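The values are calculated or read from the model by the stated rules, or taken from the named source; none is laboratory data. Given the structure is predicted, the values throughout are model-derived calculations rather than measurements. Neighbour counts are summed over all protein chains in view; Cβ atoms, including those assigned to glycine, are modelled from backbone coordinates with ideal geometry. Remember, those area values only see protein heavy atoms, side chains included, never the ligands or the DNA or RNA. Shrake-Rupley method; radii C 1.70, N 1.55, O 1.52, S 1.80 Å.
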Amino acid sequence: MKKWVCIVSTLIAVAGLSPAQDRKISPLLVAPAGVPNVELTVYLVSGLAQAQASGKDEVPADLAETLQQLRGVFAYKSYKLIEAVTLRGRSGRGAEVGGQLPDYSQYNFKYLNARVSPEAPHMVHLDGLRLEITRRQSVALVSTDLDVRDGQKTVVGKSAVNATDALFLVIVPKVVE
């Protein structure tokens, strides 16, 4: 028992803590003033070679304009929203989110660094952006560096899912100051 008390006392002393000492928050724990957050809304949209049984696309209304652009470029019969993810991080840092999709595949979305330009409208620079989807042995992958304007919906990439369908990565950055 004396050994444990000695170890705990040593750890407290090494950390510089004292019960009688005033507690101050370390400057490393406080977010720097003026450093904005970046909130990304990430849409995973499937382009399908066969029309949906309902005969219509299954995407939210706020993606209607993006869907029109996709239809003008690609010959898919229908589009379906697979997942919408929100990821918030700090300018000058990276962030990552992952999970399971409705078809039991796994996704991992991340970026290594986000930078926000000081002038308005803000530009968001994403370095090392990567979306990876795995299901059994197949992989869908989109990986890039990207500059996108605050609030702008952007189709970042398209990846073949099988011989006929595709996965589209659409992001919308929002700078939160």
**Prompt:** Given H placed 1.01 Å from N in the peptide plane, which residues other than close sequence neighbours of Arg93 have an amide H under 5 Å from its amide H?
**Reply:** Ala114
**Item:** Packing-based order for 38-45, 170-177, using average beta carbon neighbours within 10 Å, highest first
**Value:** 38-45, 170-177
**Request:** Would you mind telling me the share, in percent, of accessible area of the range 49-100 contributed by carbon and sulfur at probe 1.4 angstrom?
**Result:** 46 percent
**Request:** Return the sequence-ordered ³J(HN,Hα) values of the range 37-44 in whole Hz as given by the Karplus equation 6.51 cos²θ - 1.76 cosθ + 1.60 applied to θ = phi - 60°, using x for Gly and Pro.
**Result:** 8, 10, 10, 9, 9, 10, 10, 9
